[in-house]
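Here's the structure, in structure tokens; my notes come after.
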Amino acid sequence: MLARISCALSLLSLGSAAAAPRTFMIDSSASSIRLHVGKTGLVSFAGHEHEVVARSVEGEVDADFEDLSRSAVEVVVDASSLTVRAEGEPEGDPPQIEQAMKGRQVLDAKRFPDIRFRSQQVTAKGLSPGSYQLTVAGDLLLHGAVHRIDLKDDVLTGTGKFVLKQTDFGIEPTTAAAGLVKVEDGVTVSFRIVARAKGT
């Protein structure tokens, strides 16, 4: 299945831009991806929402500062690293929610261990020297399905947000209370990606 997701992000380049294309490796310790999982249904007031964070974010950015449209982005998240934040959750619930999220009915993380985004198109708008507004379009591989997403010299920082629908990837949102409480199909993904030039 091929579909498209679109996200806009702000890219800050520190220092003077080098003329030649450069490769930056994503710094997992400085990067973050968060997912907000909402709820819906007739008795949704009885359920609660979840905040999920990715503990493992890897990949690289090939940046061409002379023509940012020739740049490329690849981000890989280890599905097994997704963790439900305990804040706001009933005691003892996060491990059960994680188990269900990574299980066969949702992510099936053992069968599909990687969540991978690979850009296919980048468009850029300069905001100020060294700062750009980018729209990144590419393919998101999740749960074995590919969905199209229309989304510093030594350090690149990108931030942004987009919504993805679970059903686009063949995932049926989880239900409870005989279907009266249901996880929303749309999951809001917000991210902060920090990438450092190779060798720094």
Note: among V52, V37, just one is of a type in the set (A, V, I, L, M), outside any loop (DSSP other than H, G, I, E, B) and either modelled with pLDDT under 85 or closer than 15 Å to G158 by Cβ (or both), namely V37
So which of S71, S32, S28, S13 is small (G, A, S), modelled with pLDDT under 90 and open to solvent by 30 Å² or more (accessible area, probe 1.4 Å)? S32
Let me confirm something: among T123, T135, T157, T175, which residue is of a type in the set (S, T, Y), open to solvent by 70 Å² or more (accessible area, probe 1.4 Å) and either touching a Lys or Arg at 6+ places or on another chain (Cβ under 9 Å) or at pLDDT below 85 (or both)? T175
Flag for A195 being small (G, A, S) and modelled with pLDDT of 80 or more: yes
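The values are calculated or read from the model by the stated rules, or taken from the named source; none is laboratory data. Just so you know, these numbers come straight off a predicted model, no measurement behind them. Heads up, the Cβs are rebuilt from the backbone with ideal geometry, glycines too, and the neighbour counts pull from every protein chain shown. Side chains are part of the model used for accessible areas, which takes the heavy atoms of the whole protein and leaves out ligands, DNA and RNA. Shrake-Rupley method; radii C 1.70, N 1.55, O 1.52, S 1.80 Å.
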